[in-house]
1. Can you pull out the residues in segment 48-58 that are free of Cβ contacts under 8 Å to residues at least 24 places away in the same chain and open to solvent by less than 60 Å² (accessible area, probe 1.4 Å)?
2. Has segment 111-133 got at least one residue that is on the phi < 0 side of the Ramachandran plot, β-branched (Val, Ile, Thr) and modelled with pLDDT of 90 or more?
3. Could we say that Asn78 is polar (S, T, N, Q) and open to solvent by less than 80 Å² (accessible area, probe 1.4 Å) here?
4. Of the conditions (1) open to solvent by 80 Å² or more (accessible area, probe 1.4 Å); (2) more than 21 Å from Gly60 (Cα to Cα); (3) in contact (Cβ under 8 Å) with a residue 12 or more places away in the chain, Trp92 fails just one. Which one is it?
Amino acid sequence: MAFDEEWTALRAEAGMRLNQAEGSGGGGGGGGEDLVVNQDDLGAVGSEAYQLYQALTRDGDRARPSTFEAAIALNNGNFTSGSALLRTHDRWNSQMRTLLDACAHISNHLDYTKTVHRKDDQEIAATINASRISEYFK
């Protein structure tokens, strides 16, 4: 079998499995092929991201000041481990900022998504209602 034929068969098989997936918490829509996201789901994920951001802001930086002081003290004492500890401090600082940025991005994006979808739903409802009203006047 040629590669193209095999690839086409594998894609078709995977597509059939995706379309038949049951909606029990992980994938599939429970019979439909449309993506369904509830406002509560978005809110819960956004809330968890915000809580993680708050906890990391509060607790994630506790060891950094003492690590920095120890690194400086070791450097001043001509210990080679001082520079390694300073690199560890700097890496921790960088990774912490990255993680905080990611949590903030997730939380903010989900808040934005909820707002946009709410507006879209309102516009759709207004359009459907207006078109039905105009049907009655024809």
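1. Filtering segment 48-58 down to residues free of Cβ contacts under 8 Å to residues at least 24 places away in the same chain leaves 48, 51, 54-55, 58.
Correct list: Ala55 only.
2. Keep residues of segment 111-133 that are on the phi < 0 side of the Ramachandran plot, which gives 111-133.
With the extra rule that they be β-branched (Val, Ile, Thr), the set shrinks to 113, 115-116, 124, 127-128, 133.
Within this subset, residues satisfying the condition of being modelled with pLDDT of 90 or more are none.
The answer is no; no qualifying residue exists.
3. On the way: polar (S, T, N, Q): yes; open to solvent by less than 80 Å² (accessible area, probe 1.4 Å): no.
For Asn78, the condition - polar (S, T, N, Q) and open to solvent by less than 80 Å² (accessible area, probe 1.4 Å) - is not met.
4. (2)
A quick yes/no check of all residues on (1) touching a strand residue (DSSP E or B) at 6+ places or on another chain (Cβ under 8 Å); (2) aliphatic (A, V, I, L, M); (3) more than 30 Å from Gly43 (Cα to Cα):
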{"residue": "Gln54", "(1), (2), (3)": "no, no, no"}
{"residue": "Pro65", "(1), (2), (3)": "no, no, yes"}
{"residue": "Ala70", "(1), (2), (3)": "no, yes, yes"}
{"residue": "Asn75", "(1), (2), (3)": "no, no, yes"}
{"residue": "Arg87", "(1), (2), (3)": "no, no, yes"}
{"residue": "His105", "(1), (2), (3)": "no, no, no"}
{"residue": "Ile124", "(1), (2), (3)": "no, yes, no"}
{"residue": "Ile128", "(1), (2), (3)": "no, yes, no"}
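The values are calculated or read from the model by the stated rules, or taken from the named source; none is laboratory data. In this text the structure is predicted, and so the values were computed from the model without any measurement. Every residue, glycine as well, gets a Cβ built from its backbone with ideal geometry; the counts of neighbours run over all protein chains shown. Each accessible area value is taken on the protein alone, full model and side chains, heavy atoms only, with ligands, DNA and RNA left out. Shrake-Rupley method; radii C 1.70, N 1.55, O 1.52, S 1.80 Å.
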